[in-house]
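Everything on this sheet refers to the single structure shown next.
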Amino acid sequence: MDGSRTKRILIGKVGLDGHDRGAKFIVRALRNAGYEVIYSGIRRTPEQIVRTAVDEDVDVIGLSLLSGAHNELLARVAELLREEDAGNIVLFAGGTIPDRDIPHLESLGFKWVFTPGAPLSKILSALDEELKEGV
Amino acid sequence: MDELVDQIRRGDRRSLARAMTLVDGVGPDVTELKDRLRQSTGDVPWWGFTGPPGVGKSTLIDALVTLLRRSAHRTGIIAIDPTSPVSGGALLGDRVRMMRHAVDRDVFIRSLATRGREGGLSDAAVHCARLLELASYDPVLIETVGVGQNEVDVASVADVCVVVLGPGYGDDIQLIKAGLLEVADVVVVNKCDLPEAGRLLKEVHSAFAGIVGVAEASRLPDPHTPDSAGSDAEGDESVSASVRRVEVLGVEAKSGRGVEELLDTLMEADRVAREPARRQSLHDRRVLGEIRRSAMKRFEESLDRVLSNPTYRAHVDRLLHGECSLDMMAGRFAADAATELYRESPDAGDVPGEDSA
């Protein structure tokens, strides 16, 4: 409704994976870039992530996975979001995700998949570009 | 807007979440929605939780919600974290402590950023709390940002005010200085598993013992911890009903120890806050606070405009040359600011329906 309002982003960790340095790094970077960032904490279920995203009415969900279970867990998040009629929320993922899985994740609705070594500037400008378009 | 309000009443979560985004923004529609919400709510007591950063406010709320759910209370929570004054961004992290309630349909948690407001709340907090009330959440819990000594905004909106402290806060001098304790209905000392907590509990206790007319009761959840003095205040008949009673409790939010006793205390305070006369005065105070805040904001904006007018340069010189006093000059500027406001909206003096009162 108001294109200039502060955008809200949920950064989440799904599944049995306690490696949260990357997620916290992104949380801090997004906060410093002027976003309101909600962090889920580690080892969350897709259900918890989607419920949080809907209740917090976020514009974007970014999910970090280093467990290897990305195909299953991310598919479940995308599915639940559709069930909640919240398909308008922009999805992206990051973590140790093999290149060969990326097309599949993109087909599920993940707009970007950032793998280790992705420069922060690339992540921030992708979000900026996307969110600037307005709601 | 009627449709939105109806959908929220019927329990539609997305509508509730979206309405919260609306009231966290600006615009003419939003003002109308806020007015509508104010008219439609006010019956449910709000519980405010405040205290320094890191004392365990979110963890305590998480533990309370677990118990509230056991007795089937639909619980709504507003959790506020600070906006960065540099970037305008915020990390809303209170929710991390409450994730076990994330999939419970009868719990609704919303995180808000202060967006530059000082005092511990965000401007949207009251409106979001009203939205929760409209959606039949009862009680409504509001967690402030981590506050220091005098950020007591929550006291003007919450009907039951809980101040949470933890060991490491400082000595009793800090406690006496802090205005924070003056607004408390309940003071909770969290982290009672830590050795210094017993000392803090005693100090909080004696801080209240020093205030005439305030009765207090102190309880430790651990039977092994030596009992502190003051339980004789319990049956003090000389304390009139109008005197604010401050309860002091020790808890360990993480393990849940003492939280049941705290909930009993809060339920009792909640019951009192529902008594019709009390309900009305609490609600009046909240709405008056909103009117005051909004009026002050307009006045300050007008005053800033007046002060930025270049012709006032001459007045500053008069003041500096001793031709008038600061009081006179300030009075003049204040009057000008008020006149400006009146000129902008001459009908402002005629509030509809005022004559019929």
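Structure summary
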| item | result |
| --- | --- |
| Among the candidates A:THR52, A:THR45, residue that is in contact (Cβ under 8 Å) with a residue 24 or more places away in the chain, under 17 Å from B:ALA17 (Cα atoms) and either hydrophobic (A, V, I, L, M, F, W, C) or out of contact with any Cys (no Cβ under 8 Å at 6 or more places or on another chain) (or both) | A:THR52 |
| Where a residue in region B:72-95 is within 7 Å of chain A (Cβ to nearest Cβ) and its partner, wherever it lies, is part of a loop (DSSP other than H, G, I, E, B), with Cβ under 6 Å and at least six apart | B:SER87/A:GLY34; B:GLY88/A:GLY34; B:GLY89/A:GLY34; B:GLY89/A:TYR35 |
| Matching residues, region A:35-56, being surrounded by fewer than 24 Cβ atoms within 10 Å (Cβ to Cβ), part of a helix (DSSP H, G or I) and more than 7 Å from chain B (Cβ to nearest Cβ) | A:PRO46 |
| Count of region B:22-48 residues which are under 12 Å from B:GLU133 (Cβ atoms), of a type in the set (Asp, Glu) and surrounded by 13 or more Cβ atoms within 10 Å (Cβ to Cβ) | 0 |
| Residue match in region B:134-141 (condition: within 14 Å of another protein chain (Cβ to nearest Cβ) and closer than 18 Å to B:HIS73 by Cβ) | yes |
| Wholly enclosed helices (runs of 4 or more DSSP H) of region B:154-259 bearing at least 3 residues at pLDDT 65 or above and over 25 Å from B:ALA273 (Cβ atoms) | B:172-177, B:197-209 |
| Total residues in region B:120-138, condition within 25 Å of A:SER40 (Cβ to Cβ) and either part of a loop (DSSP other than H, G, I, E, B) or touching a His at 6+ places or on another chain (Cβ under 8 Å) (or both) | 6 |
| Index of the failed condition, A:LEU127 passing every other in (1) among the hydrophobic types (A, V, I, L, M, F, W, C); (2) touching a helix residue (DSSP H, G or I) at 6+ places or on another chain (Cβ under 6 Å); (3) part of a helix (DSSP H, G or I); (4) surrounded by 18 or more Cβ atoms within 10 Å (Cβ to Cβ) | (2) |
| Qualifying residue in region A:58-67 (condition: within 9 Å of chain B (Cβ to nearest Cβ) and within 23 Å of B:CYS128 (Cβ to Cβ)) | no |
| Residue in region B:36-55 that is within 14 Å of another protein chain (Cβ to nearest Cβ), of a type in the set (Phe, Trp, Tyr) and in contact (Cβ under 8 Å) with a residue 60 or more places away in the chain present | no |
| Hits in region A:80-103 (condition: surrounded by 14 or more Cβ atoms within 10 Å (Cβ to Cβ) and in a helix (DSSP H, G or I)) | A:LEU80, A:LEU81, A:ASP101, A:ILE102 |
| Selection from region A:96-126 of residues that are under 16 Å from A:VAL77 (Cα atoms) and in contact with an Asp or Glu (Cβ under 8 Å, 6 or more places away or on another chain) | A:LYS111, A:VAL113 |
| Condition met for B:GLY146 (outside any helix (DSSP H, G or I), farther than 22 Å from A:GLU84 by Cα and either within 14 Å of chain A (Cβ to nearest Cβ) or among the hydroxyl-bearing types (Ser, Thr, Tyr) (or both)) | no |
| Residue in region A:80-89 that is small (Gly, Ala, Ser) and free of Cβ contacts under 8 Å to residues at least 60 places away in the same chain present | yes |
| Identity of the residue in region A:90-106, touching a residue at least 12 places away in the same chain (Cβ under 8 Å) and of a type in the set (D, E, K, R), that ends up farthest from the other protein chains (Cβ to nearest Cβ) | A:ASP99 |
| Residue, nearest to the other protein chains (Cβ to nearest Cβ), within region A:13-34, restricted to residues that are touching a residue at least 40 places away in the same chain (Cβ under 8 Å) and part of a loop (DSSP other than H, G, I, E, B) | A:ALA33 |
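The values are calculated or read from the model by the stated rules, or taken from the named source; none is laboratory data. Note that the structure is predicted; figures quoted are calculated from it, not measured. All Cβ positions, even for glycine, are placed from backbone atoms using ideal geometry, and neighbour counts span all protein chains on display.
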